[in-house]
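**Q** The structure under discussion is supplied below as structure tokens; questions concerning it will follow.
The values are calculated or read from the model by the stated rules, or taken from the named source; none is laboratory data. None of the values given here were measured: they were computed from a predicted structure. We place every Cβ from the backbone using ideal geometry, glycine too, and count neighbours over all the protein chains shown. We work out accessible area using only protein heavy atoms, side chains counted, and drop any ligands, DNA or RNA first. Shrake-Rupley method; radii C 1.70, N 1.55, O 1.52, S 1.80 Å.
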Amino acid sequence: MKNYTIKLKMNRLFTTAALLCALSLGFTSCSKDDDKVEQVEPEYQAKVMVKDGETVDLTKVSKTINTQGTIKRTGNTYSLRNFKQFTIGEDGKATTTAAQTYYFDFKENDGLNASDFIVSFNAKSSNVDLITNNVKGYTLSFIDKAFEDVKSTDQFTSASNNLLGLQSSYAPNVIGWANYTGQPNHQVLAVANRTIIISKEGKPFFKIRMNNVYENETMNREIAPNNYFFYSIDYQEFK
């Protein structure tokens, strides 16, 4: 009887120990599960954030020191106005002299410098070449279709040498984004309903509407206006 009682107590001890062990493992497992925090990738943020309906002044928020202009966002479309860049002096500060080439990053909503060249806009007399950097995988094409109606699945025409500039009666074989009127007006006017496409590694990335090269989108005179180059551009990322 005595041996039976001892054996019964031993069995109870083993049962209790096993139960405690199971509970301990369960709690440990739950604790580990609680410690697992879901890793959520942070949403991409452009260098210059523009809220829907908001207009930002690049002279105040640009990561560069020589960029001027405003950006307004309406839905998914961004409107860049009076975009201009200036030369950098020997002291490392921006001058009041306009640069001959402007650089802009549509993904970041901000100006760039030459070392980060992705897309550039020429700002020399009678030269408004738009160029992409194919070394970084950016290519240029276009479609004669209204900006609002262009989709990434459309068929685009590649731009020769990743460049679109001026076309005129003096150069009938040149295809560009703007027309040069020649004498006597010497005006630069955007080709109507010609939408420019920037692709990255062969995939359509942004669509662009070039509007104007004059300050506040208004020529200061009908013959040989001289209030340029202030680029007016609408752009939207393909989703």
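**Q** Among the residues of segment 103-117, is any at positive phi and surrounded by 15 or more Cβ atoms within 10 Å (Cβ to Cβ)?
**A** yes
**Q** Residues 173, 134, 185: which one is closer than 21 Å to residue 230 by Cβ and out of contact with any strand residue (DSSP E or B) (no Cβ under 8 Å at 6 or more places or on another chain)?
**A** It is 185.
**Q** Filter segment 219-239 down to the residues that are open to solvent by 40 Å² or more (accessible area, probe 1.4 Å) and in a loop (DSSP other than H, G, I, E, B), then identify the one that is modelled with the lowest pLDDT.
**A** 239
**Q** Within segment 50-89, can you find the residues that are farther than 19 Å from residue 231 by Cα, surrounded by fewer than 12 Cβ atoms within 10 Å (Cβ to Cβ) and either at pLDDT below 95 or not acidic (Asp, Glu) (or both)?
**A** The answer is 51, 53, 75, 76.
**Q** Next up: Please enumerate the residues belonging to segment 119-161 that are in contact with a helix residue (DSSP H, G or I) (Cβ under 6 Å, 6 or more places away or on another chain) and at pLDDT below 95.
**A** Within segment 119-161, just 134 meets the criteria.
**Q** So, one more: Which of the residues belonging to segment 140-162 are farther than 15 Å from residue 177 by Cβ, of a type in the set (S, T, N, Q) and touching a strand residue (DSSP E or B) at 6+ places or on another chain (Cβ under 6 Å)?
**A** Scanning segment 140-162 gives a single hit, 152.
**Q** Next question, about the same structure. Among the candidates 216, 161, single out the residue that is closer than 27 Å to residue 74 by Cβ and part of a helix (DSSP H, G or I). Spell out the reasoning first.
**A** Working: 161 fails: closer than 27 Å to residue 74 by Cβ.
Checking each option against the conditions leaves just 216.
**Q** Additional query: Could you tell me which of the residues 146, 123, 98 is more than 23 Å from residue 205 (Cα to Cα), of a type in the set (A, V, I, L, M) and surrounded by fewer than 19 Cβ atoms within 10 Å (Cβ to Cβ)?
**A** 98
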